[in-house]
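Working notes, structure below.
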Amino acid sequence: GRPEEGDRLADIAQGFTLNRFHRDRRIDPVKARGVYRGWARTALEGRHGDLLLAEVEGEVAGLATFAVADGELGVGLVALVAVHPDFRGRRVLDALMAGCERALGGDVLVTSTQVSNGPALRAFGRHGLLPYGARHIFHRWFK
């Protein structure tokens with residue numbers, strides 16, 4: 001990724017709305033989108049490991065961040081995968097996951113998503129990822 005692609009990457013990342021920030025009605029949707037916009041921008045700085053971009057017809061269609069989480073165990077972590085809405089249903093996520101798998105070259109690939117994110121669950125399943133646990137995240141509001 002190049003710094004001049006920051007706005008495009010932020011736009012792609014903010015399109016991910018199947019997450020806890022958007023499900024909690026007490027969180028302003030603009031702030032919820034801002035979480036992912038910020039994540040995409042800091043990914044360009046290398047703060048989330050490596051950044052992989054998918055292009056379709058010369059346009060950035062999606063992004064993924066990944067890193068080796070544990071070299072001893074051969075575990076690679078895919079932290080964020082996002083596809084621009086205009087390119088959904090075109091297997092861009094599949095290309096990103098395959099690229100992460102090749103780049104990591106380890107024995108184990110780990111990622112996570114919300115249990116309500118059906119498209120990601122199906123795509124991860126296509127890549128042989130199996131769920132091995134679930135967790136609940138609790139929000140408490142003081143105002």
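Farthest towards the positive end of the charge dipole of the chain, among the residues 81, 139, 21, is the Cα of 139, using unit charges on the Cβ of Lys, Arg, Asp and Glu.
Seen from residue 139, the other residues with C-beta closer than 11 Å to its C-beta sum to a net charge of +4, counting Lys and Arg as +1 and Asp and Glu as -1. Sorted into 10 angstrom bins from 0, the C-alpha pair distances of the chain split as 11, 40, 37, 11, 1 percent. Farthest towards the positive end of the charge dipole of region 27-97, among the residues 38, 65, 54, is the Cα of 38, using unit charges on the Cβ of Lys, Arg, Asp and Glu. Just the number, please: percent antiparallel of the DSSP beta bridges in region 39-143, rounded to the nearest 5. Here the antiparallel bridges make up roughly 80 percent for region 39-143. Taking a ≥ b ≥ c as the square roots of the eigenvalues of the Cα gyration tensor, region 62-139 is classed as oblate, since a/c reaches at least 1.5 and a/b does not exceed b/c. In this Cβ point-charge picture (+1 for Lys and Arg, -1 for Asp and Glu), region 58-143 has a dipole of about 480 debye about its Cα centre. Overall, region 1-90 carries a charge dipole of about 620 debye about its Cα centre when +1 sits on the Cβ of Lys and Arg and -1 on the Cβ of Asp and Glu, all other atoms neutral. Expressed as a whole percent, the accessible area of the chain that falls on carbon and sulfur atoms is 52 (1.4 Å probe).
Computed from point charges on the beta carbon alone (+1 for Lys and Arg, -1 for Asp and Glu), the dipole magnitude for region 18-69 about its Cα centre is near 560 Debye.
Across region 63-76, computed HN-Hα scalar couplings (Karplus, 6.51 cos²θ - 1.76 cosθ + 1.60, θ = phi - 60°) run 8, 9, 10, 8, 7, 6, 8, 8, x, 5, 8, x, 9, x Hz from first to last residue, x flagging Gly and Pro. Counting only residues 5 or more places away or on other chains, whose amide H sits under 5 Å from the amide H of residue 110 once H atoms are built in the peptide plane? Here 76, 77, 78 satisfy the definition. Summed over the residues of the chain and divided among them, the accessible surface reaches 64 Å² per residue at a probe radius of 1.4 Å. Spin-label model, residue 75/residue 20: points 7 Å from Cα along the beta carbon direction are separated by 1.9 nm.
The values are calculated or read from the model by the stated rules, or taken from the named source; none is laboratory data. Computed from a prediction, not measured in an experiment: that's the story for all the values here. All Cβ positions, even for glycine, are placed from backbone atoms using ideal geometry, and neighbour counts span all protein chains on display. Calculation scope for accessible area: heavy atoms of the full protein, side chains included, ligands and nucleic acids excluded. Shrake-Rupley method; radii C 1.70, N 1.55, O 1.52, S 1.80 Å.
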